[in-house]
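Undergrad: I have a structure here, written as structure tokens, and I will follow up with some questions on it.
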Amino acid sequence: MQELYPQTGVCFDHGNQAKLYMVYTLGCNAACDHCLVESSPRRREKLELDVAKELLRVGAQFGKNFLDLGGGEIMLFPDEVYELARTAADLGYYVSLNTNGFWGRTPERARAVVGELQQAGVGAIFPSASAYHLAYVSIDRLKHIRQACRDLGMVYELNWVRSHRPETDAFIQTEMELDSETIFPNSLTTAGNDAGTIEALKVVYGSSVPDDIADCGSLQLGVNPHGHVIGTCSMTNRNEKFAGTPLFIGNFHDTPFDELLRAERDSAVLQFIYRNPHPALHKRLIEDPSLGRYYQDTFGTRRYYSVVDYYIDVFRDERVMAGLDEALR
């Protein structure tokens, strides 16, 4: 299998098959309109620390070595974050942290927290900035975190997403100095806290045929407090849309995690899309002697808001899946 990672950045320095994205909590001190897992202050679901540490231990046995921590807002539980990061680092994981940055209220506070995260084993911080986040977290706090990361040598990469408010987008790009940054396009997950915003974002992002879908490394193992084990970090709140496809691997509350990781490892389809980002599968299906014409006639002109939704649609087709399983083994 060819390894294709055209992007740059710490996330792309590790193969998707080695990554573990952990939604530690669905609770958050914000309720951003576009939040794909529908986090808010009302949510209480979170992983127990001991459960999360056991997932890391088992994951390491199956070759996982990149941990991406997130939520919700995981820094609502800083002591647990530090302990979890120490455990992960001891197991050989590179640890990255997603956060809305609420804790960077002063330069001094930002520097202190970044230092504590660094000492615990966190290697990279990914603060979020968007028109929706600014309703809850001021941009000054993100600037404090950026400067603290620069001062302390912490890897810093900003999670910025387009909104349906272009003036606010332009403000963020200027304030956070994004004009000189490489911005990786990604597609839209059509789930969130505000249905009206999601409809507006559909217009902003648009849909694409398989030839043109953007993919920003969306395929990697993800877990959440519900116990879901999904083959993508683009999880939603309940993840119903993944049911019945190879992307829904199982629930670790019902099935031992090692069995689920074994199933992930043995899935020819998952391992192919982990190692060969879009449009590799699309091209392979087009060129397949027995499936190509059927696939092109069926899926070639369908439109999708995300590469994940494209995979879901293809994986629900019994004829395609029968031929694909055989071709990839």
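A short reminder: the numbers here are calculations on the coordinates, not readings from a lab. The shown structure was predicted, so the numbers you read here are calculated from the model rather than taken from an experiment. In this analysis, Cβ positions are derived from the backbone assuming ideal geometry, glycine residues included, and neighbour counts consider all displayed protein chains.
Undergrad: Say each of ASP140 and THR255 gets a label point 7 Å from the Cα, pointing the same way as Cα to Cβ; how far apart are those two points in nm?
TA: 5.1
Undergrad: Could you quote the convex hull projected area for the chain, Cα atoms only and averaged over all directions, in nm²?
TA: 15.9
Undergrad: Using 0.36 nm times the number of residues separating ARG319 and ASP79, minus their current alpha carbon distance, what extension gain do you get?
TA: The ARG319-ASP79 span can extend by a further 81.4 nm.
Undergrad: On to the next question. Among the GluC sites (Glu not before Pro) within the stretch 41-141, which fall in a DSSP loop and have no more than 12 other Cβ atoms within 10 Å of their own Cβ? Display every interim value, and only then the final one.
TA: Details: sites: GLU45, GLU48, GLU54, GLU73, GLU80, GLU83, GLU108, GLU116; in loops: GLU45, GLU48, GLU73.
Qualifying residues, ordered by number: GLU48.
Undergrad: Restrict the search to the stretch 17-104; then list the trypsin sites (Lys or Arg not before Pro) that DSSP places in a loop and that have at most 16 other Cβ atoms within 10 Å of their Cβ.
TA: ARG42, ARG44
Undergrad: Tilt of helix 49-61 relative to the longest C-alpha principal axis of the chain, in degrees (0 to 90, nearest 10)?
TA: 50
Undergrad: Helix 78-90 versus the longest principal axis of the chain: what angle, 0 to 90°, nearest 10, using Cα atoms?
TA: In the chain, helix 78-90 runs at an angle near 60 degrees to the longest axis.
Undergrad: Please work out the FRET efficiency for the pair GLU177 and SER40, using the Cβ-Cβ distance as r and a Förster radius of 51 Å; give the result to the nearest 0.05. Before the final figure, lay out each step's value.
TA: Details: r = 30 Å, r/R0 = 0.59.
Plugging the Cβ-Cβ distance into 1/(1 + (r/R0)^6) gives 0.95.
Undergrad: In units of 2.2 N^0.38 Å, what is the alpha-carbon radius of gyration of the stretch 121-205? Working shown, then result.
TA: Numbers: Rg = 13.9 Å, N = 85, 2.2 N^0.38 = 11.9 Å.
Computed over Cα atoms of the stretch 121-205, the ratio equals 1.17.
Undergrad: Another question about this same structure. Of GLY227, GLY292, GLY250, which is farthest on the positive side of the dipole of the stretch 199-329, counting Cα position, with +1 on Lys and Arg Cβ, -1 on Asp and Glu Cβ, and the Cα centre as origin?
TA: Highest projection toward the positive end goes to GLY292.
Undergrad: Using alpha carbons only, how many degrees (0 to 90, rounded to 10) separate the axis of helix 257-266 from the longest principal axis of the chain?
TA: 50
Undergrad: While we're on this one: For the residue pair ASN29 and ASN65, what label-to-label distance in nm results when each label sits 7 Å from Cα along the Cα-to-beta-carbon direction?
TA: Modelled inter-label distance: 3.6 nm.
Undergrad: Same structure, new question: Considering the Cα positions of the stretch 10-107, please state its Rg to one decimal place and its Dmax as a whole number of Å.
TA: Just the Cα atoms of the stretch 10-107 yield Rg and Dmax of 13.7, 41 Å.
Undergrad: Round to a whole angstrom and tell me the spacing of the C-alpha centers of the stretch 60-76 and the stretch 240-260.
TA: 18
Undergrad: Compute the relative contact order of the chain as a whole-number percentage, counting only Cα pairs closer than 8 Å that sit 6 or more residues apart in sequence. Don't skip to the answer; put the middle values down first.
TA: Working: 584 pairs, mean separation 65.3, N = 329.
Result for the chain is 20 percent.
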